[in-house]
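The values are calculated or read from the model by the stated rules, or taken from the named source; none is laboratory data. This structure is a prediction, so every number in the text was calculated from the model and none was measured. Cβ placement follows ideal geometry from the backbone for every residue including glycine, while neighbour counts extend to all protein chains displayed. Keep in mind that these areas ignore ligands, DNA and RNA; they rest on the heavy atoms of the full protein, side chains included. Shrake-Rupley method; radii C 1.70, N 1.55, O 1.52, S 1.80 Å.
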Amino acid sequence: MPQHVPWLILLAVYGACVGSFLNVVIYRMPEGIGLVTPRSRCPGCGKQIAWYDNIPLLSWLLLRGKCRSCKTGISVQYPLIELLCAAMFVGVYLVDYVSGLRLEFVQAGLGATWPAFVVQLVMVAALLAATVIDARLFIIPVRIPQTVTLAALVILPTAAIWLPAMEQTAPVVDARGLGATVGGVVGLTVALLLLHLRLLPRSFDEVEETLDEAEPADAFLSHPHPRREVLKECLFVGLPVLGAAVGLALMNVPQDYLPAENQYPLGLRVLGGVLCGYLVGGGVIWGIRILGTLAFGREAMGLGDVHLLAAIGCVLGAGDAVAVFFIAPFLGLFAAAVQGGLARLWKSRGRVIPYGPYLALAGVGMLAAREIFWSFFGIF
Ligand SMILES: [Zn+2]
């Protein structure tokens, strides 16, 4: 245990600093304000905040939650996010290297697994920011999950070139998985290209434009029907699904004709694992979005949720992404029951519940307890 203490202190300090940055992301990104400039100002008196009043956690405590010059209250949400992020960074280290929940990390050690650990930190920080924004505004800026996707896509396969422990600590695919993934990526690329060239119809996006231009009588006719809109998305989603099926079929030859699994370079198998998690994670949410919208006639689940589970899939792999997808609704139901109970206590009506926070919570839970989860089902 003593050898872990310096790392735990470092991660707590670093986590608090990242949390401070997340506060900026949480307040500025939905407003479309730059993350670096302008410098932070007090909303009360407009005075620029000095660096010594901007130290994570400490400044808020020393200032007792008030602006130095005008004494306007500073929300307790700022230090709470910093504290939460610090706790999560320490928590991920404890899960990976101390608890024994992820034995593959303990066995290989920090020196051989740190890229996977760093990507996990990026994921939990992004999930924290996405959760707070989704809970407040019912949107998830796609740049947040896309940051996780990019980090996983660059860091994990690159590290796999020289770190063999990535075989156990990053998502990997076998030959068939690689075939399906390559097919799916080709399909997705074609779909994005066709969408860009306007050869595929855009769904909901165009709604406002057409409503503005149309005459009132036409507006009624062209009023977007969610069921019709979501059918357009089927065309888009169909291409990667078709691509994956073709890729799988092409690789589905007798094993003798394929090189043995570990003859594929590990970097390629990890790249495939990350992309496979992306496609499967995004695909299951999008599938349910289409089915739900067709069934209920109302837009079900935002595309932010699609990007969120796709990002979780990049870090944890396709299997875990599917598990997260099934765990999240239970957490949502549980929270709704608690909220419903509380709401009855306060005699007020509960709010609509966004799905993103439960995906995020399930994702963090799966990061910690994946072995317990899979061994419960007899897999592992
Ligand atoms: Zn002030």
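Scan the range 80-92 and give yes if some residue there is under 30 Å from LEU316 (Cα atoms), in the same structural domain as VAL36 (by TED's automatic domain parsing) and charged (D, E, K, R), otherwise no.
First, pick out the residues of the range 80-92 that are under 30 Å from LEU316 (Cα atoms): 80-92.
Cutting the leftovers down to in the same structural domain as VAL36 (by TED's automatic domain parsing) gives us 80-92.
Of the ones still in play, those that are also charged (D, E, K, R) are 82.
Yes, that holds for at least one residue.
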Restricted to the range 64-78 and to residues being open to solvent by 70 Å² or more (accessible area, probe 1.4 Å) and more than 9 Å from the ligand (Cβ to nearest atom), the residue nearest to the chain's Cα centre (by Cα) is TYR78
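Quick one: is VAL270 surrounded by 19 or more Cβ atoms within 10 Å (Cβ to Cβ) and at negative phi?
Numbers: surrounded by 19 or more Cβ atoms within 10 Å (Cβ to Cβ): yes; at negative phi: yes.
Yes: the conditions hold for VAL270.
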Counting only residues that are under 20 Å from GLY292 (Cβ atoms) and not aliphatic (A, V, I, L, M), the range 306-323 contains a total of 2
Contact list, first residue from the range 29-57 and under 27 Å from GLN146 (Cβ atoms) and hydrophobic (A, V, I, L, M, F, W, C), second anywhere and more than 11 Å from the ligand (Cβ to nearest atom) and part of a loop (DSSP other than H, G, I, E, B), beta-carbon distance below 9 Å, six or more apart or interchain, is MET29/LEU35; MET29/PRO141
Within the range 134-153, the count of residues that are buried (at least 24 other Cβ atoms within 10 Å of the Cβ) and closer than 16 Å to VAL24 by Cα comes to 3
With criteria (1) more than 18 Å from GLY238 (Cα to Cα); (2) surrounded by fewer than 22 Cβ atoms within 10 Å (Cβ to Cβ), LEU195 comes up short on (1)
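Quick check on this structure: which one of LEU94, LEU84 is surrounded by 14 or more Cβ atoms within 10 Å (Cβ to Cβ) and farther than 23 Å from ILE144 by Cβ? Can you show your working first?
Numbers: LEU84 fails: farther than 23 Å from ILE144 by Cβ.
On inspection, the qualifying residue turns out to be LEU94.
Among residues belonging to the range 47-57 that are under 16 Å from GLY73 (Cα atoms) and open to solvent by 70 Å² or more (accessible area, probe 1.4 Å), point out the one that is nearest to the ligand (Cβ to nearest atom).
Per the stated criteria, the residue is LYS47.
Given the residues LEU156, LEU121, LEU103, LEU127, which is the only one that is surrounded by fewer than 18 Cβ atoms within 10 Å (Cβ to Cβ) and of a type in the set (A, V, I, L, M, F, W, C)? Don't jump to the end; show me each part of the working.
Numbers: LEU156 fails: surrounded by fewer than 18 Cβ atoms within 10 Å (Cβ to Cβ); LEU121 fails: surrounded by fewer than 18 Cβ atoms within 10 Å (Cβ to Cβ); LEU127 fails: surrounded by fewer than 18 Cβ atoms within 10 Å (Cβ to Cβ).
One residue alone meets the criteria, LEU103.
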Examine the range 95-105 for a residue that is within 27 Å of the chain's Cα centre (by Cα) and within 16 Å of the ligand (Cβ to nearest atom), and state whether such a residue exists. no
Residue hits (the range 18-47; under 17 Å from the mean Cα position of the chain (by Cα) and of a type in the set (Ser, Thr, Tyr)) are none
Across (1) open to solvent by less than 20 Å² (accessible area, probe 1.4 Å); (2) touching a residue at least 60 places away in the same chain (Cβ under 8 Å), PRO115 clears everything bar (2)
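Quick check: anything in the range 117-138 within 16 Å of the ligand (Cβ to nearest atom) and among the aliphatic types (A, V, I, L, M)? It would help to see each step written out before you state the result.
The initial filter retains those residues of the range 117-138 that are within 16 Å of the ligand (Cβ to nearest atom), namely none.
Among the residues of the range 117-138, not one is within 16 Å of the ligand (Cβ to nearest atom) and among the aliphatic types (A, V, I, L, M), which makes the answer no.
Taking the condition away from the ligand (no atom under 14 Å from the Cβ), outside the structural domain of VAL148 (by TED's automatic domain parsing) and open to solvent by less than 50 Å² (accessible area, probe 1.4 Å), does LEU22 pass?
Numbers: away from the ligand (no atom under 14 Å from the Cβ): yes; outside the structural domain of VAL148 (by TED's automatic domain parsing): yes; open to solvent by less than 50 Å² (accessible area, probe 1.4 Å): yes.
It is true that LEU22 is away from the ligand (no atom under 14 Å from the Cβ), outside the structural domain of VAL148 (by TED's automatic domain parsing) and open to solvent by less than 50 Å² (accessible area, probe 1.4 Å).
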In the range 27-46, residues that are more than 16 Å from the ligand (Cβ to nearest atom), charged (D, E, K, R) and exposed (fewer than 12 other Cβ atoms within 10 Å of the Cβ) total 1
Item checked: Test result for PRO6, away from the ligand (no atom under 16 Å from the Cβ), within 30 Å of LEU110 (Cβ to Cβ) and not in a helix (DSSP H, G or I) -> no
